[in-house]
């Protein structure tokens with residue numbers, strides 16, 4: 001145990017000392033770092049310990065490796081004020097609610113004379129790291145970022161620390177990592193939203209209410225919390241067999257297959273609260289394929305009030321998502337941070353609003 005602790009302390013020491021040299025200017029952008037053998041001898045550790053330290057530095061954007069040439073200090077650009085550039089990093093760009101969020105951001109920033117550098121991560125942590133590493137090498141005044149898989153432990157907080165060191169403010173939108181919960185952010189109150197949907201079904205006489213939630217972002221976790229709280233307040237027992245969890249990678253298939261299986265297995269349900277409108281329509285498709293009518297047999301709720309929620313004869317009961325307003329609020333908060341003003345409350349929580357469609361009905365026999 002003592003040897004393992006010693007090794008851990010040694011590689012942490014190497015990381016911190018090399019970071020300090022980069023930030024102080026002792027190691028300049030483009031400089032080649034000493035070889036693994038030289039560093040191992042200097043710190044009296046194995047090459048494996050040195051390799052761990054270098055991997056961390058590379059992951060955090062301080063160095064990069066070139067095969068056959070060695071490891072070099074990245075071209076980290078120190079922040080220069082009034083560049084006129086602001087980066088916007090979202091999980092997706094072209095579908096669902098994201099264009100409206102971006103439009104709200106763009107309206108505010110364009111009016112103030114800023115240009116936007118637009119990036120998307122496809123909800124991939126690896127891609128988010130690459131985006132941040134690239135942005136740290138550009139001259140930008142601030143960043144608005146929607147975190148990828150925000151419920152999962154973030155291992156690249158060092159990149160956000162670099163933003164602070166270079167005096168580049170950032171604002172989280174639509175999610176925030178747990179380790180960075182005190183950072184500036186503009187979020188929907190998703191717990192309250194999940195509560196409103198579930199309470200609506202309960203008030204409409206539903207008692208066998210299932211839930212379908214996304215496991216790898218905080219929106220899904222908080223919407224589930226609201227669902228569970230509404231059941232508890234109504235004295236309805238929480239049944240984990242009625243809750244479906246899915247991940248980013250299986251969102252297109254798992255909810256559909258699982259709901260169909262639940263019907264086949266005879267799981268009792270008269271209502272379903274869904275993570276968002278996209279998932280709600282997959283749930284409806286699965287139910288209808290299994291011979292279950294919506295809303296006659298099962299009421300279904302969505303979330304986000306996206307265009308698809310009211311584009312057909314079946315209009316979803318959902319939660320209004322003020323997409324443009326949310327984007328505008330994030331942009332305005334970032335501009336206050338850039339201007340050095342005291343933003344007052346830099347953790348903005350937007351209250352949800354229930355939108356009632358015809359995908360839910362009153363069940364008089366259950367009242």
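Highlighted here are the helices (runs of 4 or more DSSP H) found entirely within region 33-127 that include at least 3 residues which are under 27 Å from the mean Cα position of the chain (by Cα) and crowded, with 20+ Cβ neighbours inside 10 Å: 98-111.
Of the residues making up region 20-32, those that are more than 21 Å from residue 67 (Cα to Cα), free of Cβ contacts under 8 Å to residues at least 60 places away in the same chain and surrounded by 13 or more Cβ atoms within 10 Å (Cβ to Cβ) number 2.
In region 212-238, which residues are touching a helix residue (DSSP H, G or I) at 6+ places or on another chain (Cβ under 9 Å) and more than 20 Å from residue 150 (Cα to Cα)? Walk me through it before giving the result.
Step one: filter region 212-238 for residues touching a helix residue (DSSP H, G or I) at 6+ places or on another chain (Cβ under 9 Å), giving 212-231, 233-234, 236-238.
Of everything in region 212-238, those that are touching a helix residue (DSSP H, G or I) at 6+ places or on another chain (Cβ under 9 Å) and more than 20 Å from residue 150 (Cα to Cα) turn out to be 228, 229, 230, 231, 233, 234, 236, 237, 238.
Per-residue answers, yes or no, for (1) within 24 Å of residue 198 (Cβ to Cβ); (2) surrounded by 15 or more Cβ atoms within 10 Å (Cβ to Cβ); (3) free of Cβ contacts under 8 Å to residues at least 12 places away in the same chain:
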site: 308; (1), (2), (3): yes, yes, no
site: 324; (1), (2), (3): no, yes, no
site: 328; (1), (2), (3): no, yes, no
site: 334; (1), (2), (3): no, yes, no
site: 345; (1), (2), (3): no, no, yes
site: 351; (1), (2), (3): yes, no, no
site: 356; (1), (2), (3): yes, no, no
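Restricting region 351-366 to residues that are modelled with pLDDT of 95 or more and outside any loop (DSSP other than H, G, I, E, B), the residue that is nearest to residue 112 (Cα to Cα) is 353.
For every residue, the table says whether it meets (1) surrounded by fewer than 24 Cβ atoms within 10 Å (Cβ to Cβ); (2) touching a strand residue (DSSP E or B) at 6+ places or on another chain (Cβ under 6 Å); (3) closer than 30 Å to residue 361 by Cα.
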{"residue": "167", "(1), (2), (3)": "yes, no, no"}
{"residue": "171", "(1), (2), (3)": "no, yes, no"}
{"residue": "182", "(1), (2), (3)": "yes, no, no"}
{"residue": "193", "(1), (2), (3)": "no, yes, yes"}
{"residue": "199", "(1), (2), (3)": "yes, no, yes"}
{"residue": "203", "(1), (2), (3)": "yes, no, yes"}
{"residue": "209", "(1), (2), (3)": "no, yes, yes"}
{"residue": "216", "(1), (2), (3)": "yes, no, no"}
{"residue": "222", "(1), (2), (3)": "yes, no, yes"}
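Of the numbered criteria (1) more than 23 Å from residue 354 (Cα to Cα); (2) under 17 Å from the mean Cα position of the chain (by Cα); (3) in a helix (DSSP H, G or I), the one residue 219 fails is (1).
Inside region 259-269, residues that are without any contact (Cβ under 8 Å) to a residue 40 or more places away in the chain, outside any loop (DSSP other than H, G, I, E, B) and either surrounded by 15 or more Cβ atoms within 10 Å (Cβ to Cβ) or on the phi > 0 side of the Ramachandran plot (or both) make up a count of 2. Between 251, 229, which is surrounded by 14 or more Cβ atoms within 10 Å (Cβ to Cβ), under 26 Å from the mean Cα position of the chain (by Cα) and modelled with pLDDT under 95? Checking each option against the conditions leaves just 251.
With the condition kept exactly as written, say whether any residue in region 152-160 is closer than 18 Å to residue 333 by Cβ and either in contact (Cβ under 8 Å) with a residue 24 or more places away in the chain or touching a helix residue (DSSP H, G or I) at 6+ places or on another chain (Cβ under 8 Å) (or both). Within region 152-160, one or more residues are closer than 18 Å to residue 333 by Cβ and either in contact (Cβ under 8 Å) with a residue 24 or more places away in the chain or touching a helix residue (DSSP H, G or I) at 6+ places or on another chain (Cβ under 8 Å) (or both). Evaluate the following for residue 302: is it touching a strand residue (DSSP E or B) at 6+ places or on another chain (Cβ under 9 Å) and crowded, with 22+ Cβ neighbours inside 10 Å? Yes: the conditions hold for residue 302.
The values are calculated or read from the model by the stated rules, or taken from the named source; none is laboratory data. Predicted, not measured: the structure shown is a model, and the values here were computed from it. Every residue, glycine among them, receives a Cβ derived from its backbone with ideal geometry; neighbour counts consider all protein chains shown.
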